[in-house]
Structures are given as C-alpha cells and as structure tokens.
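Take a look at the structure set out below.
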Amino acid sequence: LLALQHHLEGRFAAFKSPNRMTLKFHTAWRAWRAPCQGWLRDAAVRATERVHGATPEMICQGSSTPIPGMFEEALGGREVLVLPLWHREEELEADEQLRQTQAYLIESVKIAAAL
C-alpha cells in the first residue's frame, strides 16, 4: 500500500493543484495471482475447446481486486480461477454472446466435476 500511496501522491503533486488529497485505506488485502497450472486451468482450456473449437491463449495474471483472495480464504484455501466472460468480436449479438457464455460455463462445470 505504501507504493500505491507514493505513486498517487506523486501523480497528484504533478497537477500542482491547490486542492488537497487525503488517502485512507479502509481495508488491505493480499495481492492475488491466478494459478498457472492445475485442474481448474485444464478444465477451462477443455471447455473453451469444446464450446469455441479453438485452444485459448491462457495467461497467468494477478489482481489487486480482493474478491478472488476472499473466495480462496472462504473456501479454506482451495484454488480459485477467474475467467473472462467476453468475446473479442464486437459484432456478436448479446443473445449469442450470452448463449456462448452459458455453454462455456456449463462445459467448465462438467469437466471440473469429472476431474
């Protein structure tokens, strides 16, 4: 949090504003990083291949959003996988995108249950 505070104070100072800025961190949560390997990732890859007919480009990334870490803690340290739910092609209709997302999630659950 100190690095974030330092960065924000530096950016604010660059504006040379007569206003003041006060930062209050009400809660702090550890950074979360997605698993790069594991059964959840494997299930997501297989579901993507079944639904979309293509192998996904998987990346391992993290987040400062506390939700994944909270889920892991609530589940007793079990692995959590955060999946994006959008499609690259903007021309897809909302109904089609919803259908694909539903199929993807259903396949993910089936595969994860089978592992």
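Things to note:
- Checking ALA43, ALA94, ALA28, ALA114 one by one, the residue that is loosely packed, with under 13 Cβ neighbours inside 10 Å and at pLDDT 70 or above is ALA114 and no other.
- Filtering the stretch 1-23 to residues that are within 24 Å of PRO66 (Cβ to Cβ), assigned to a loop (DSSP other than H, G, I, E, B) and open to solvent by 80 Å² or more (accessible area, probe 1.4 Å) leaves LEU1, THR22.
The values are calculated or read from the model by the stated rules, or taken from the named source; none is laboratory data. If you're wondering where the values come from, they're calculated on a predicted model, not measured in any experiment. Neighbour counts are summed over all protein chains in view; Cβ atoms, including those assigned to glycine, are modelled from backbone coordinates with ideal geometry. Areas reflect the complete protein model, heavy atoms only, side chains present, ligands, DNA and RNA absent. Shrake-Rupley method; radii C 1.70, N 1.55, O 1.52, S 1.80 Å.
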